[in-house]
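Input: a single structure, listed below in structure tokens.
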Amino acid sequence: MPIAVPSILAAQQRGVEIGRIRMGAKVEFVKDGKTKTRPSKLTQWRLTSPNRDAVESAAALLGGQVQEWHPTPSSTQWEVYTTSDILDVVIPPGESIEQHMELWSGGGCVRRCTGGSGAVNQIDGRPCPCPADDARRVAMAADGHACKPTTRLRVVLPTLLGVGLWRLESHGFYAAVELVGRHELLSQAAERGVYVPAQLRLEQRQRGRHSYGVPVLDIRVSVAQIAAGQGVGTLPAVVGRVAVALPAGGRVALPAGGPAA
């Protein structure tokens, strides 16, 4: 019996995470004779996953070399630094985006606050000690002493192998503001069974002498087209317009009598 594509999306919506979409990496440097690490920003997407086939299919489509990655000394995953700043994505129905004000330390998340006046730390139920003044909070957050806006977006990468959601996490102000509106439009359309072609783009911006990357969710049709039902459609119709990636030398096994790959 064939599996209905909406059922696959429903399974993905329940939170099966296959990998992460990353905007940066940790690089090593030597200071005072000691090897340390620091965060480094990227201009193209980096994908990581415990599913090697998913990462290899990403490399086949987006460029880059697959290599082992050890997020902890006892765990092994796979990663690829792609040569692309654009990902074809599908927004599943439901709440696939979440936002919090968070403070992290080496031991994990210390604060997850509701934000605004009267903010409460959801971890211990106490009032959030971050200053209400935005300028002070931003300055303290830069030194690791106050909460930062944290946005987590979960999307489907329909052209890669594997069934699951890919999670993007950003601590930027512009991501917190810009992603929500477009996500709501795409998610509400998906609730009605109408899928809109979209891309997740890593846009480089400049502020003074500092450059930074911002994740941008691009809708590839106009609002008028969406209202008229042009350029949108069912999930098979939307996904069928983009190329599907396979690992180098690999093929997807199909049931006997199934359609050609």
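The values are calculated or read from the model by the stated rules, or taken from the named source; none is laboratory data. Model, not experiment: these values are computed from the prediction. Methodologically, a virtual Cβ is constructed for each residue, glycine included, from the backbone with ideal geometry; neighbour enumeration extends over all protein chains shown. Calculation scope for accessible area: heavy atoms of the full protein, side chains included, ligands and nucleic acids excluded. Shrake-Rupley method; radii C 1.70, N 1.55, O 1.52, S 1.80 Å.
For this structure, a couple of remarks:
- Candidate set: the range 152-182, residues that are in contact with a strand residue (DSSP E or B) (Cβ under 7 Å, 6 or more places away or on another chain) and more than 24 Å from K41 (Cα to Cα); chosen: the one most open to solvent (accessible area, probe 1.4 Å): R182
- S105 modelled with pLDDT under 85, hydroxyl-bearing (S, T, Y) and closer than 30 Å to V194 by Cβ: no
- No other residue among V80, V30 is of a type outside the set (K, R), modelled with pLDDT under 90 and not in a helix (DSSP H, G or I) apart from V30.
- Residue that is modelled with pLDDT of 75 or more and touching a Pro at 6+ places or on another chain (Cβ under 6 Å), where the choices are R220, R207: R220
- If the condition is being touching a helix residue (DSSP H, G or I) at 6+ places or on another chain (Cβ under 8 Å) and of a type in the set (G, A, S), then the range 103-152 contributes only A146.
- Selection within the range 195-217 - without any contact (Cβ under 8 Å) to a residue 40 or more places away in the chain and either open to solvent by less than 60 Å² (accessible area, probe 1.4 Å) or in contact with a Gly (Cβ under 7 Å, 6 or more places away or on another chain) (or both): R205, V216
- Any hit, the range 84-91, residues being buried (at least 20 other Cβ atoms within 10 Å of the Cβ), touching a helix residue (DSSP H, G or I) at 6+ places or on another chain (Cβ under 8 Å), among the polar types (S, T, N, Q) and modelled with pLDDT of 95 or more: no
- Test result for T35, in contact with an Asp or Glu (Cβ under 6 Å, 6 or more places away or on another chain), modelled with pLDDT under 95 and assigned to a strand (DSSP E or B): yes
- Any hit, the range 138-146, residues being open to solvent by less than 40 Å² (accessible area, probe 1.4 Å) and not aliphatic (A, V, I, L, M): no
- The range 161-208, residues that are part of a helix (DSSP H, G or I) and within 17 Å of P92 (Cβ to Cβ): L179, V180, R182, H183, E184, L185, L186, S187, Q188, A189, A190, E191
- Taking the criterion of being closer than 28 Å to V156 by Cβ and either touching a His at 6+ places or on another chain (Cβ under 7 Å) or in contact (Cβ under 8 Å) with a residue 40 or more places away in the chain (or both), the residues of the range 96-111 that qualify are S96, I97, E98, Q99, H100, M101, E102.
- The lone criterion from (1) outside any strand (DSSP E or B); (2) open to solvent by less than 70 Å² (accessible area, probe 1.4 Å); (3) of a type in the set (A, V, I, L, M, F, W, C); (4) touching a Ser or Thr at 6+ places or on another chain (Cβ under 9 Å) left unmet by A132 is number (2).
- In the range 46-70, the residues that are within 21 Å of E169 (Cβ to Cβ) form Cβ pairs under 7 Å with partners that are open to solvent by 60 Å² or more (accessible area, probe 1.4 Å), at six or more places apart or across chains, as follows: R46/Y81; L62/T83; G64/Y81; G64/T83; H70/T76.
- If you go through the range 83-129 and keep only what is among the charged types (D, E, K, R) and in a loop (DSSP other than H, G, I, E, B), you end up with D85, E95, D124, R126.
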